[in-house]
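Just so it is clear, none of the values below were taken in a lab; they were calculated from the coordinates. Since we're looking at a predicted model, the values are computed, not measured. Cβ coordinates were reconstructed from backbone atoms using ideal geometry, including for glycine residues, and neighbour counts include every protein chain displayed.
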Amino acid sequence: MIDSHQHFWKYDATRHSWISNDMKAIRRDFLPGDLQPLLKKNNIGGSVVVQVDQTEAETLSLLTMANQHDFIKGVVGWIDLRNSNLESRLEYFSSLKKLKGFRHIVQGEKPGFLAHPDFIKGVQKLHKHHFTYDLLVYHHQMKESLAFVKQVPETKIVVDHLAKPAIATKDLNQWEMNMKALAEFPNVHCKISGMVTEARWTDWKYDDFVPYLEAAFHAFGTGRLMYGSDWPVCLLAASYDQQFSIIENYLKPFSASEKKQILGENAERFYNL
C-alpha cells in the first residue's frame, strides 16, 4: 500500500506562515521518523512526499530525505513553471530518480493564475521529461481548472484533496458537476485525501464524507483514484489512524483488486514508483 500524499517540514514561523493560530497542533517539526511508525502500524509500505515550500531548495531537501529512507518512494517538488530557464531546470531534475512531479500552491493564487500562458507552457513541458503535475485548488477554482486541463492533455494531472469540497457546509452539487467534467479528461486522476480538514475539525462523522466519496468514485472509477493521508495537516482534525479508517470503511464492499488499485497500484502507476 502507498500513501500518495504526505508532507515533511522543519517548522519555521516565517516560511510556514500559512500555519495560522487555529493550526497550532502542527506548529512543529514533522520528519520521516515521525511518519514511518504510523505507516507500519497501518501496513502501508511507502509514501509520496509533496512540497509545502515553493522553493527548489525544499525539493532538494525532500529528495535527500527520500534517498535516506526507503519508504519514501517518490517526491513531488516545486519548480518555477513560468521561468524562461525551465527547460534546463527540468533537464537537471530529470537525473534525480525519486523526483516524480511538481506542484504549485494554486489554491493561494488570485483568479486567472491557471490561465497564465507561461504557466500553461510550463506544465505542457512536464510530460516530455516524464514528470506529473499535482493540481491543488479549492472547489471554487474548479471552473478555472477545467479550462486549464483542456490545454495540457499530454501531462499526467492529479487533483489533490478532491479539489477541497465544502464538506463542512455539505455543499455538493456544483462540486460534483465539476468533478464529473474533470474526470472526462483521461489524463486527470484524483487523490482521496485532505477530507477531514474540509469537514468540521472537531465535529465530523464518517457519514459526512460518503456523498463526496460516492461522487468521486462515480466520476473517476477505481482506476484513477488514489489514497493519500495529507499527514501531518490531517492532524488538525484526525489522527493518522482515524483518517485512514474513513477510506478503509468505504472500501469494505469493494473487491480485493479494486482495493489494491486505490490503496497503492494507481499511485505506483501514476508516479512510476
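Taking neighbour counts of Cβ atoms within 10 Å as a proxy for exposure, in what order, fewest first, do Tyr240, Tyr206, Tyr138 appear?
Tyr206, Tyr138, Tyr240
Just the projected area, averaged over all directions, of the convex hull on the alpha carbon atoms of segment 2-271: how many nm²?
Taking the Cα atoms of segment 2-271, their convex hull projects to 13.2 nm² on average.
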request  = Output the relative contact order of the chain, whole-number percent, from Cα pairs under 8 angstrom with separation of 6+ residues.
outcome  = 20
task = With a Förster radius of 25 Å, plug the Cβ-Cβ distance of Leu96 and Glu154 into 1/(1 + (r/R0)^6) and report the FRET value to the nearest 0.05.
result = 0.70
key: Computed over segment 48-202: relative contact order in percent, which uses C-alpha pairs under 8 Å that are six or more apart   = 18
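Between Ser245 and His116, how high is the FRET efficiency from 1/(1 + (r/R0)^6) when r is the Cβ-Cβ distance and R₀ = 45 Å? Nearest 0.05.
The value I calculate is 0.65.
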task = Compute the projected area of the convex hull of the Cα atoms of segment 1-53, averaged over all viewing directions, and report it in nm² to one decimal place.
result = 3.9
ask   = Please state the Cα pair-distance histogram of segment 20-116 with 5 angstrom bins from zero: what percent is in each bin?
value = 2, 11, 18, 20, 19, 14, 9, 5, 1, 0
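Report relative contact order for segment 135-210 in percent, whole number only (criteria: Cα-Cα under 8 Å, sequence separation at least 6).
Relative contact order for segment 135-210 comes out at 37 percent.
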message = So if I take the alpha carbon set of segment 66-136, get Rg, then get Rh from the Kirkwood formula, what is the Rg over Rh ratio?
response = 1.00
request  = Using just the helices of the chain, give the 222 nm mean residue ellipticity in deg cm²/dmol: DSSP H runs with n ≥ 4 each add -39,500 (n - 2.57), and the total is spread over all residues, rounded to 500.
outcome  = -10000 deg cm²/dmol
request  = Within the set of other residues whose C-beta is less than 13 Å from the C-beta of Asn272, count the net charge using Lys and Arg as +1 and Asp and Glu as -1.
outcome  = +4
task = Sort the following peptides by mean Cβ neighbour count (other Cβ atoms within 10 Å, averaged over residues), highest first: 183-190, 79-86, 15-22.
result = 183-190, 79-86, 15-22
request  = Compute the convex hull volume of the Cα atoms of segment 134-217, divide it by the residue count, and report the result per residue in Å³ as a whole number.
outcome  = 77
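Quick one: net charge of Lys40's neighbours, Cβ under 14 Å, K/R +1, D/E -1? Walk me through the numbers before you get to the answer.
Numbers: positive: Lys41; negative: Asp3, Asp34, Asp70, Asp241.
Taking every Cβ under 14 Å from that of Lys40, the sum is -3.
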request  = Excluding Lys98 itself, calculate the net charge of residues whose Cβ lies under 13 Å from the Cβ of Lys98, where each Lys or Arg counts +1 and each Asp or Glu counts -1.
outcome  = +2
key: Taking all pairs of distinct alpha-carbon atoms in segment 143-273, Kirkwood radius in angstrom   = 15.0
task = Quick one: grab Rg to one decimal and Dmax as a whole number for segment 51-171, Cα atoms only, in Å.
result = 14.7, 45
